[in-house]
Amino acid sequence: MSAPSDSFDTAQVPEPKVSEREARQVAEAAREQGWRKPSFAKELFLGRFRLDLIHPHPAPPAEDVRRGEAFLATLREFCETRIDGAQIEREARIPDEVVDGLKELGAFGMKIDRKYGGLGLTQVYYNKALALVGMANASIGALLSAHQSIGVPQPLKMFGTQEQKDAFLPRLARTDISAFLLTEPDVGSDPARLATTAVRDGDDYVLDGVKLWTTNGVVADLLVVMARVPKSEGHKGGITAFVVEADSPGITVENRNAFMGLRGLENGVTRFHQVRVPAANRIGPEGAGLKIALTTLNTGRLSLPAMCVGAGKWCLKIAREWTAAREQWGKPVAHHEAVGEKISFIAATTFALEAVVDLASQMADEDRNDIRIEAALAKLYGSEMGWLMADELVQIRGGRGFETADSLAARGERAVPAEQVLRDMRINRIFEGSTEIMHLLIAREAVDAHLAVAGDIIDPEKTLSDKAKAGAQAGAFYARWLPKLVAGAGQLPNSYAEFHPKGHLDLSAHLRYVERTSRKLARSTFYAMSRWQGRMETKQGFLGRIVDIGAELFAMSAACVRAEMLRTQGEHGREAYQLADVFCRQSRIRVEELFTRLWSNTDDVDRKVVNGVLAGTYTWLEEGVIDPSGDGPWIADATPGPSERDNVRRPIR
């Protein structure tokens, strides 16, 4: 790789200024177009309960199970004997010897094919491994996930050339750590404003810009970098993905960031100043970067809820042990109803969340279904419910839940890191798409069928003839679709009878509820589109509730299917039915509340208050406050140029 040339000027490339419509167009262009395979969740949002797509529960091949279980056994021993989670929390760093040990185990190559030196584990066992190591310490789970779920290996596996795979995958399987660099100081979920540039110069591209929150970026050897290629003669331009050597001249890791949780996370700020990257390191064509990133995340998002499953299992264990030992008013606190309902919530939700993750992961392994919505729902639901479970554990533990593990140990009690788990879990509602962004992303996919036939009607740029043609298409579609939302199997008392076996609780009633409710959900969505038309996309509160209902219905379906699978296998079938039943009962209460809030809410008055807050109408309410914030801009300066700070990159070798 040649040295950077100070005479090569990329500062003339203007920072993109985009309108709201242009930003949407960029996001829409990056979205996968069309549905080549069936999707259970997509059908659910359309009012079609396709139980046949998930039942009987798909099962992995025996050889995959054998290899996966063997690795889990080895990894468990490593976690129990070589990882000191308390040390990582105290020192805010994963020891190098732990990282080296994980490399020796092959943990950095879990998802990399064996022909490149990886382990070639399935998505199911990759997720089980992340859940296991994540409970040893959540920062290690994040390290391995960022490396394989969104780092260099997955984009190369899906979009890389054979030469790129041969060059990089063997390194990534055993020795090198990777990071994914998309976010910038002033660019989060709106990638249309991406400012980092990659300008073609002969056989190279020259990168300039600043990337923020680069998980693994401080210790990475290889980077996936998203940069904007200016449009020019012979160059389509657009956001493009590159594999970049982290020790390239012109790259400076300017800061290692610190957070409320995940204290061992090697997350930084990375500056690129005239960094030369061979054109051969470009992944896919110019302009395909966002599509590559979003497609990678389709299955990559499953790693996060997998770690939430691990946290839920731990929360249940601690809640069980603590509430049996702690007595108040003459009996264990578990037998007090106010505490018992929290334990029931944790147990039932952990069961359902594991059902969601395992089902979506097995579907990803089989590649029979399009799981983009299922994976997004798993991430959304797992992060929200995982946080609630951790919060409930802290409440169950009381003052001890708020106390650190070191403090508990210092005064002679068991060092239970409940407050640490709560802090570590909080980022999951932000990582890999915040809850609010996930609501919008899933909602867009959920209404895809409607926009495909009626989108031109509400598009202000379409001609009258286009709108008339779209109107005819929409009329034909809805004439066939709407009558099917009136009645279905959910109204027949004997439907799904196999979910009410003799001697077990009745789960068939819950599946009938899911079927009826999916049709109600579709009717509500259609009514909202008819009412608001082009303004539908601004109704984010409504769309969020629609998605949350769909998430609950998906989780109920997965829980029932998993319970039936365990029953037929003779593995805790009776107990699984009980957990699925109580989860579905709890979920149905949440669903009914969400339906009420679709039309009875404070969205309109909230908007008025927000306008007033921004206009300064309520500044009197802030009088008397003492603001402990420091000085400085809200958003750091990210002007391209040479770094003026020391390089804090710390490669692990």
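With Cα atoms defining each centre, the stretch 255-273 and the stretch 166-219 are spaced 15 Å apart in the structure. For the stretch 357-447, the fraction of 1.4 Å probe accessible surface lying on carbon and sulfur atoms is 55 percent. Using alpha carbons only, the radius of gyration of the stretch 145-271 set against its Kirkwood radius gives Rg/Rh = 0.96.
Within the stretch 348-440, the proportion of C-alpha pairs whose separation exceeds 22 Å stands at 42%.
Determine the distance separating the Cα centre of the stretch 229-245 from the Cα centre of the stretch 351-423; give it in Å without decimals. Rounded to whole Å, the Cα centres lie 39 Å apart.
Two numbers describe the Cα atoms of the stretch 199-263: Rg and Dmax, which are 14.3, 47 Å. For the stretch 272-321, go through all pairs of different Cα atoms, get the mean of 1/r, take its inverse, and jot down that Kirkwood value in Å. Value: 14.6 Å, from the Cα pair sum. Here, the stretch 199-323 yields an orientationally averaged convex hull projection of 9.5 nm² when only Cα atoms define the hull.
For a test of the definition: using alpha carbon positions, the gyration tensor, and the 1.5 limit on a/c, classify the chain as rounded, prolate or oblate. Rounded, since a/c falls under 1.5.
Using a probe radius of 1.4 angstrom, the carbon and sulfur fraction of the accessible surface of the stretch 463-515 is 65%.
Provide, as a two-decimal number, the C-alpha radius of gyration of the stretch 147-213 over 2.2 N^0.38 Å, N being how many residues it has. Cα Rg divided by the expected 2.2 N^0.38 Å: 1.29. Scattering from the stretch 27-132 was approximated by placing one identical point on each alpha carbon and applying the Debye formula without solvent; log10 I(q)/I(0) at 0.12, 0.16, 0.24 1/Å stands at -0.66, -0.88, -1.26.
Dividing the Cα radius of gyration of the stretch 477-603 by its Kirkwood radius returns 1.05 for Rg/Rh. Counting only protein heavy atoms and a 1.4 Å probe, the chain has 45 square angstrom of accessible area per residue. Per-residue 3J(HN,Hα) values for the stretch 545-550, derived from phi via the Karplus relation 6.51 cos²θ - 1.76 cosθ + 1.60 with θ = phi - 60°, read 5, 4, 5, 5, 5, x Hz in sequence order (x marks Gly and Pro). Out of every Cα-Cα pair in the stretch 293-418, what percent are more than 18 Å apart? Summing the P(r) tail past 18 Å for the stretch 293-418 gives 57 percent. Accessible surface comparison of M260, M385, probe 1.4 Å, protein chains only, largest first: the order is M260, M385. Taking chymotrypsin sites (Phe, Trp or Tyr not before Pro) in DSSP loop states with no more than 12 other Cβ atoms inside 10 Å as exposed sites, the chain has its longest site-free stretch at 1-328. The phi-based Karplus calculation (6.51 cos²θ - 1.76 cosθ + 1.60; θ = phi - 60°) puts the 3J(HN,Hα) values of the stretch 472-481 at 5, 5, 5, x, 5, 5, 6, 5, 7, 7 Hz, whole numbers, x for Gly and Pro.
Any idea what the relative contact order of the chain is, in percent, if you count C-alpha pairs under 8 Å spaced at least 6 apart? 17 percent.
Solvent-free Debye calculation, one equal scatterer per alpha-carbon of the stretch 537-653: log10 I(q)/I(0) at 0.17 Å⁻¹ equals -0.93. Sorting E337, E392, E575 by solvent-accessible area of protein heavy atoms yields E337, E575, E392, largest first, with a 1.4 Å probe.
When the solvent-accessible area of the stretch 151-242 is split by element, carbon and sulfur atoms take up 51 percent of it, the probe being 1.4 Å.
Above 19 Å, the calculated P(r) of the stretch 381-531 contains 72 percent of its Cα-Cα pairs. Reducing the stretch 287-319 and the stretch 564-629 to their Cα centroids gives an inter-centroid distance of 20 Å.
Measuring how big the stretch 427-514 is from its alpha-carbon positions, Rg and Dmax come out at 20.2, 63 Å. Scanning residues 5 or more positions from A288 or on other chains, those with amide H under 5 Å from its amide H are A241, with H placed 1.01 Å from N in the peptide plane.
Accessible surface of T568, taken over heavy atoms with a 1.4 Å probe and every protein chain present, rounds to 90 Å². Pairs from the table (K291/K608; K462/K539; K103/K157; K236/K379; K157/K236) lying more than 28 angstrom apart at Cα are K291/K608; K236/K379. Helix-only arithmetic for the chain: the sum of -39500 (n - 2.57) across DSSP H runs with n ≥ 4, divided by the residue total, places the mean residue ellipticity at 222 nm at -17000 deg cm²/dmol.
The values are calculated or read from the model by the stated rules, or taken from the named source; none is laboratory data. Because the structure is predicted, anything quoted here is derived from the model rather than measured. In this analysis, Cβ positions are derived from the backbone assuming ideal geometry, glycine residues included, and neighbour counts consider all displayed protein chains. Heads up: the accessible areas ignore ligands, DNA and RNA and are worked out on the full protein's heavy atoms, side chains in. Shrake-Rupley method; radii C 1.70, N 1.55, O 1.52, S 1.80 Å.
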